[in-house]
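Peer 1: Right, I'll just put the structure down here and ask away after.
What follows is calculated from the coordinates using simple rules that are stated; it is not laboratory data. In this text, all values refer to a predicted model and were calculated from it rather than measured experimentally. Because the Cβ atoms are built from the backbone with ideal geometry, glycine has one as well, and the counts that use them run over all protein chains shown.
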Amino acid sequence: MAVRRAVVVGGGLGGLAAAVGLRRIGWDVVVLERAAGFGEVGAGVGVMPNALRALSVLGVADEVRRVGTPRVAARVLDPRGRALVRVAGAGRVVAVHRADLHGVLRAALPASCLVNSVDVSSVESLDGDLVVVADGVRSRLREALFPGVTGPVYGGVTAWRSVTEARFPADLAISQTVGDGVEFGVLPLGDGRVCWYAATEAPEGVVSSDELGVVRGLVGRWHAPIPSVLDSTGVVLRHDIYELGAPLPSYVSGRAVLLGDAAHAMTPYLGQGACMAFEDAVVLAAACDRFPSVEQALAAYDRVRRPRTQAVARASRVAGRMGFRLRNPLAVAARDLALRAMPSWAVVKGAERFTAWRPPVESLDR
Ligand SMILES: Cc1cc2nc3c(=O)[nH]c(=O)nc-3n(C[C@H](O)[C@H](O)[C@H](O)COP(=O)(O)OP(=O)(O)OC[C@H]3O[C@@H](n4cnc5c(N)ncnc54)[C@H](O)[C@@H]3O)c2cc1C
């Protein structure tokens, strides 16, 4: 059979993962990226066990473990540093710098298939048996393929992210601290640097000339090492959180298939956005390998991926609403009490609801 060709629109984590998967099944792939260079922002990402299994099928899990920091999953704390939840045994999370994760995927692709400075505005303008639409939350192609479907909406929360310059002790745990209306997360990297994020409710579009000062005002008096993490932080990124306003009726239109945030941009409260894109990539490549026609493969992908990713998006929204977004002191006290009372097995079971995912194949290699 003639070699089949896919055009991937968007060179973020999702698009690159899709390209790696499709190349492993022998397809010819080109990735078109709007930006002048390929890269990722200076922040961390928690690669959950489900995503690690997907990355393993893509042949890059060992490399991700090497550049990241495998840690036994996390603790949830209150602002004084008291444990609300200890999650042990729910599998390993790998804390990794986004640029390093992106670099691992890029290294799995020949440079010749990565093309920069191409702003794609229509599927029709592209050659190929398959077009993978991985152009992110503000996907222009999604708008064109599904006119009238609600696009991204502001989730009511703004988030700050950064990576410290200083090195912290190697045994620092992954942690998430929840206060009333504010959350702070710590993802330690293997070299001692710490990726962190903070989130709180805020009106859309607000910016400050001193973002770090704003974060200090929110969590600067919280437990160690939060104050020293902030003291050793340079540049801070701030992003308002957007998610799709309504679930899409399909992830497929003709020979085009949506993947990653273009298909299911979700709030980050379960840390599953990029993880879902890695799952998408594996399921897509496995379906293209298994079915004789692209049409059948895309129908199978849509059948499997839409329910799963839309369920995770819903759960993520609820996790925010019932978690750090609570402000009423009584509700906060009830939440903390309920978290403390939760037996360890229940916590593990809750986490596994999403992280127990298994890929449809063990390998894509031919
Ligand atoms: C604060 C925050 C914290 C998060 N934390 C986590 C976490 O811990 N774990 C996790 O799994 N996920 C997390 N996420 C979610 C995760 O970042 C996203 O789900 C993931 O990056 C989506 O990848 P993507 O490739 O689909 O989209 P993107 O990363 O947005 O990539 C889209 C790419 O397409 C390009 N592009 C856009 N338009 C065009 C065009 N017209 N033509 C060509 N190229 C185009 C863009 O330049 C970009 O490179 C977080 C998100 C936020 C905001």
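Peer 1: So what is the 222 nm mean residue ellipticity for the chain from helices alone, if each DSSP H run of at least 4 adds -39500 (n - 2.57) and you divide by all residues, rounding to the nearest 500 deg cm²/dmol? Mind dumping the intermediate values first?
Peer 2: Working: 12 runs with 135 residues, N = 366.
Computed ellipticity for the chain at 222 nm equals -11000 deg cm²/dmol.
Peer 1: Now a separate question. Between beta-carbons, use under 11 Å as the cut-off and find the net charge around Asp191, counting Lys and Arg +1, Asp and Glu -1. Walk me through the intermediate numbers first.
Peer 2: Values: positive: Arg167, Arg193; negative: Asp100.
Cβ neighbours under 11 Å give a net charge of +1.
Peer 1: From the P(r) of segment 270-313, could you give the percentage of C-alpha pairs in the tail past 15 Å?
Peer 2: Values: 384 of 946 pairs.
In whole percent, the long-distance tail amounts to 41.
Peer 1: What number, in percent, do you get for the relative contact order of segment 122-267 if the mean sequence gap of Cα pairs under 8 Å and at least 6 apart is divided by its residue count? Numbers along the way, then the final one.
Peer 2: Numbers: 257 pairs, mean separation 53.8, N = 146.
37 percent.
Peer 1: Still on this structure, please answer the following. Using θ = phi - 60° and the Karplus curve 6.51 cos²θ - 1.76 cosθ + 1.60, what whole-Hz ³J(HN,Hα) does each residue of segment 187-202 get, with Gly and Pro shown as x?
Peer 2: Couplings: 10, x, 8, x, 8, x, 5, 10, 7, 9, 9, 9, 9, 7, 6, 6 Hz.
Peer 1: Hey, another quick one. So what's the chain giving for Rg/Rh, alpha carbon basis, Kirkwood Rh from the mean inverse pair distance?
Peer 2: Values: Rg = 20.3 Å, Rh = 21.0 Å.
Ratio value, two decimals: 0.96.
Peer 1: Quick check for me: using +1 on Lys/Arg Cβ and -1 on Asp/Glu Cβ, what's the dipole size of the chain about its Cα centre, in debye to the nearest 20? It would help to have the intermediate numbers written out before the result.
Peer 2: Working: 42 positive and 35 negative charges, 230 e Å.
So the dipole magnitude of the chain works out to roughly 1100 debye.
Peer 1: Here's a follow-up. How would you classify segment 183-307 from its alpha-carbon gyration tensor, with a ≥ b ≥ c the square roots of the eigenvalues: rounded for a/c under 1.5, else prolate if a/b is greater than b/c, otherwise oblate? Please list the in-between numbers first.
Peer 2: Numbers: a/c = 3.78, a/b = 2.28, b/c = 1.66.
Cα axes put segment 183-307 in the prolate bin.
Peer 1: To continue, here is another question. Taking the alpha carbon gyration tensor of segment 128-263, what are the square roots of 5 times its eigenvalues, largest first, to the nearest whole Å? Before the final figure, lay out each step's value.
Peer 2: Values: eigenvalues 255, 66, 29 Å².
Output for segment 128-263: semi-axes of 36, 18, 12 Å.
Peer 1: Oh, and also: Please arrange Val123, Val118, Val215 by how many other C-beta atoms lie within 10 Å of their C-beta, fewest to most. Present the calculation step by step, with values, prior to reporting the outcome.
Peer 2: On the way: Val123 18, Val118 15, Val215 24.
The fewest-first ordering by Cβ neighbours comes to Val118, Val123, Val215.
Peer 1: Around Arg193, which amide H atoms from residues at least 5 apart in sequence, or from another chain, sit under 5 Å from its own amide H, with H modelled in the peptide plane?
Peer 2: The answer is Phe168.
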